[in-house]
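First the structure, in the form of structure tokens, and then the observations on it.
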Number of protein chains: 2
Amino acid sequence: MPDDSAQYWMGFDLGGTKMLAQAYDLKWNVVAKERKRIHPGTGAKGGVERIIDTINEALTKAALNPKNMLGIGIGCPGPIDMNKGLLLDLPNLGWQAVPLKERLSAAFNCPVAVLNDVDAGVYAEHRQGAGKGARTIMGVFAGTGIGGGCIYQGEILRGGTNSCFEIGHMQVMSNGPRCGCGQRGCLESVSSRLAIAAQCARAAYRGDAPHLLGAAGTDIANIRSGALKDSITAGDKAVEEIIKEAARYIGIAVGSVVNLIAPEIVVLGGGLVEAMPDLFVPQVAKAANKRVMPAYKDTFKVVPAALKDDAGVLGAALWAEYSLSKKEKAAS
Amino acid sequence: MPDDSAQYWMGFDLGGTKMLAQAYDLKWNVVAKERKRIHPGTGAKGGVERIIDTINEALTKAALNPKNMLGIGIGCPGPIDMNKGLLLDLPNLGWQAVPLKERLSAAFNCPVAVLNDVDAGVYAEHRQGAGKGARTIMGVFAGTGIGGGCIYQGEILRGGTNSCFEIGHMQVMSNGPRCGCGQRGCLESVSSRLAIAAQCARAAYRGDAPHLLGAAGTDIANIRSGALKDSITAGDKAVEEIIKEAARYIGIAVGSVVNLIAPEIVVLGGGLVEAMPDLFVPQVAKAANKRVMPAYKDTFKVVPAALKDDAGVLGAALWAEYSLSKKEKAAS
């Protein structure tokens, strides 16, 4: 029979297509886990019910007592009202103003912290990964889109109500490509996996990337990070040049942000970087150091993320522990 | 005979061409003042002596007892090592790594805080001006150059060692004009008074800005903010368009920064904005709101600076009071 008195924190990662609940004991070992697909048709109401089911199933499978759950941290791929615990907008699923904190704390009778998923990942890097001990850590996560997060003096950098650090929507190219946010020339429109795939598909179509053409064709849905990496290894110079240029733009954005907030550590992560760290990390570091003012040269390190897939769910649980314990302290 | 026991804080504003010492009583009334030109030829050593002389003369004139000086805050137009109180770089005067905190605390036997001059101005707006009560305030000061500052949760936003928030050196135009920092397309290279004057001089030379041509000619040294304003009032449409375009680029930079740090208040100041607030403030607000992601629209106010010339020297004194009192508290 399991220890019925053991306390734990619940981390939750709400993705674009799947969700993951993971419970941690007080030494941050995983003690329960459950994963589900998101059903796109069910709307926010059905989605929240599925989140609750996923947590309940994780607890049941591991025979954890819900009474011993100290709190839930839930990371979501969109802007958050951090005061109210509201998921403001999830355009891909059509969810808007979802009161996650209210619903989950009612369902589980425990405190809940709602945060942005990239903030969660960068917070995990700060506590247990590549950003330990620094005063200011920023993270850039490049995959299908580009997200960012910043930990300043041990806390997630945030606005008066909203989460922030949307580095993917800094303008890096005047009159650049159209971005999903409605603007032009955002970093995401230039350097995300989707932006790179679109350029590489053209190169493949023209015959400049024969290995990519053979392996993935010209449908950008099939041109994933792994296929890009393999085509470079096989000798597709055009693909390598496109990715170096994309990394250079990430470096330009990072350089502008270094001039603004002077981080000590810049963590690079996401599917693109994980597939090709040796290409991205030095390119970004070089372009950023070229871009910054003289006083900031070599004042920051560009490093790959140390935690992989679990950074988001772990960071959500760690942030719950930090922010909810802090509130208890302030109230007592 | 003056009250020999009255305590006061000393604010100091080190400009590019002049310096200003101003002492404040505990209710922030000015109780002493002295201003001097900087002699460019004397180097950092002579400069620091002149700073000390200026403070001493202010005290003597007002018959203030140096023993009652609670601390000195000195704002400088360059990056600062805020831990060591070092002025890192003042390219116009050729000063480098000047140990201002060490020199001034030795000369006056009191604690000293060294900070960036724009940070000082924004801090004053936070305490007594247009940014009161907000969690995050950012300032953009557009004059000969473009400086920025940010107050986050009541404190100057800073790096591990250095001051930061150099919004003038964010890239806003790919392959844009050359900037003094060595890069291309920085906001300062596009929207500073010098950048605007260079464009207006060409318009005047071509005959497109007859009023400006008559009043200031085509020498950019003579095309000051007041002359620009007067030429617009007199009907120089070309000048108005150039300035609107410059304001639009400030708005693009502000929009990118709103996506990053979600400030509630954006304070605009500096000679250009002070001369033409009705032109700059709405243009910047419009361009920034156009640029931000949907979740950040109308979450911030763009306002003109409320404090004028004295913001820098007042902010330096206020920051001395805040940061030096805080240190005393932590030590006791």
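The values are calculated or read from the model by the stated rules, or taken from the named source; none is laboratory data. Not measured: the values here are computed from a predicted model. Here the Cβ is made from the backbone with ideal geometry for all residues, glycine too, and neighbour counts use every protein chain on show. For the accessible areas, the whole protein counts, side chains as well, though only heavy atoms, and no ligand, DNA or RNA atoms are used. Shrake-Rupley method; radii C 1.70, N 1.55, O 1.52, S 1.80 Å.
Structure summary
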| read-out | value |
| --- | --- |
| Residue match in the range B:321-329 (condition: open to solvent by 60 Å² or more (accessible area, probe 1.4 Å), outside any helix (DSSP H, G or I) and not assigned by TED's automatic domain parsing to the domain that holds B:Met173) | no |
| Selection count, the range B:1-18, where residues are among the aliphatic types (A, V, I, L, M) and either closer than 18 Å to B:Gly147 by Cα or at pLDDT 95 or above (or both) | 2 |
| The listed residue being touching a Gly at 6+ places or on another chain (Cβ under 7 Å) and open to solvent by 20 Å² or more (accessible area, probe 1.4 Å), out of A:Glu155, A:Glu166 | A:Glu166 |
| Among residues of the range A:96-127, those that are open to solvent by less than 10 Å² (accessible area, probe 1.4 Å) and assigned to a helix (DSSP H, G or I), counted | 9 |
| Scope the range B:158-175; condition at the interface with chain A (Cβ under 8 Å from one of its Cβ atoms), in contact with a helix residue (DSSP H, G or I) (Cβ under 9 Å, 6 or more places away or on another chain) and outside any strand (DSSP E or B); matching residues | B:Gly159, B:Cys164, B:Phe165, B:Glu166, B:Ile167, B:His169, B:Met170, B:Val172, B:Met173, B:Ser174 |
| Condition met for B:Pro40 (at pLDDT below 95, under 16 Å from B:Leu14 (Cβ atoms) and either touching a helix residue (DSSP H, G or I) at 6+ places or on another chain (Cβ under 6 Å) or buried (at least 19 other Cβ atoms within 10 Å of the Cβ) (or both)) | no |
| Failed condition for B:Lys132, given (1) in contact (Cβ under 8 Å) with a residue 12 or more places away in the chain; (2) in contact with a His (Cβ under 8 Å, 6 or more places away or on another chain); (3) open to solvent by 10 Å² or more (accessible area, probe 1.4 Å) | (1) |
| Residue list for the range B:203-216, filter: out of contact with any Cys (no Cβ under 8 Å at 6 or more places or on another chain) and outside any helix (DSSP H, G or I) | B:Gly207, B:Asp208 |
| Among (1) in contact with a strand residue (DSSP E or B) (Cβ under 8 Å, 6 or more places away or on another chain); (2) open to solvent by 10 Å² or more (accessible area, probe 1.4 Å); (3) within 21 Å of B:Ala285 (Cα to Cα); (4) of a type outside the set (Asp, Glu), the one test that B:Gly145 misses | (1) |
| Elements of type helices (runs of 4 or more DSSP H) contained in the range A:217-314, each with 3 or more residues being assigned by TED's automatic domain parsing to the domain that holds A:Ala204, aromatic (Phe, Trp, Tyr) and within 26 Å of B:Asp119 (Cβ to Cβ) | none |
| Residues within the range A:281-309 that are within 15 Å of A:Gly131 (Cα to Cα) and within 11 Å of another protein chain (Cβ to nearest Cβ), tallied | 2 |
| Number of positions in the range B:1-29 that are in contact (Cβ under 8 Å) with a residue 40 or more places away in the chain, within 22 Å of B:Asp119 (Cα to Cα) and over 17 Å from the mean Cα position of the chain (by Cα) | 6 |
| Subset of the range B:70-95 [touching a residue at least 40 places away in the same chain (Cβ under 8 Å), more than 21 Å from B:Lys18 (Cβ to Cβ) and open to solvent by less than 10 Å² (accessible area, probe 1.4 Å)] | B:Gly71 |
| Hey, A:Ala32 crowded, with 20+ Cβ neighbours inside 10 Å and either out of contact with any helix residue (DSSP H, G or I) (no Cβ under 9 Å at 6 or more places or on another chain) or part of a strand (DSSP E or B) (or both) or not | yes |
| Pairs with Cβ under 6 Å, 6+ apart, first in the range A:96-117 and within 17 Å of A:Gly15 (Cβ to Cβ), second at pLDDT 95 or above and open to solvent by 40 Å² or more (accessible area, probe 1.4 Å) | A:Val114/A:Lys101 |
| Residue selected from the range B:176-192 under the condition out of contact with any strand residue (DSSP E or B) (no Cβ under 6 Å at 6 or more places or on another chain) and part of a loop (DSSP other than H, G, I, E, B), by the criterion most open to solvent (accessible area, probe 1.4 Å) | B:Gly180 |
| Counted residues, the range B:39-79 - those being under 21 Å from the mean Cα position of the chain (by Cα) and of a type in the set (Ser, Thr, Tyr) | 1 |
| Among residues of the range A:249-304, those that are buried (at least 24 other Cβ atoms within 10 Å of the Cβ) and charged (D, E, K, R), counted | 1 |
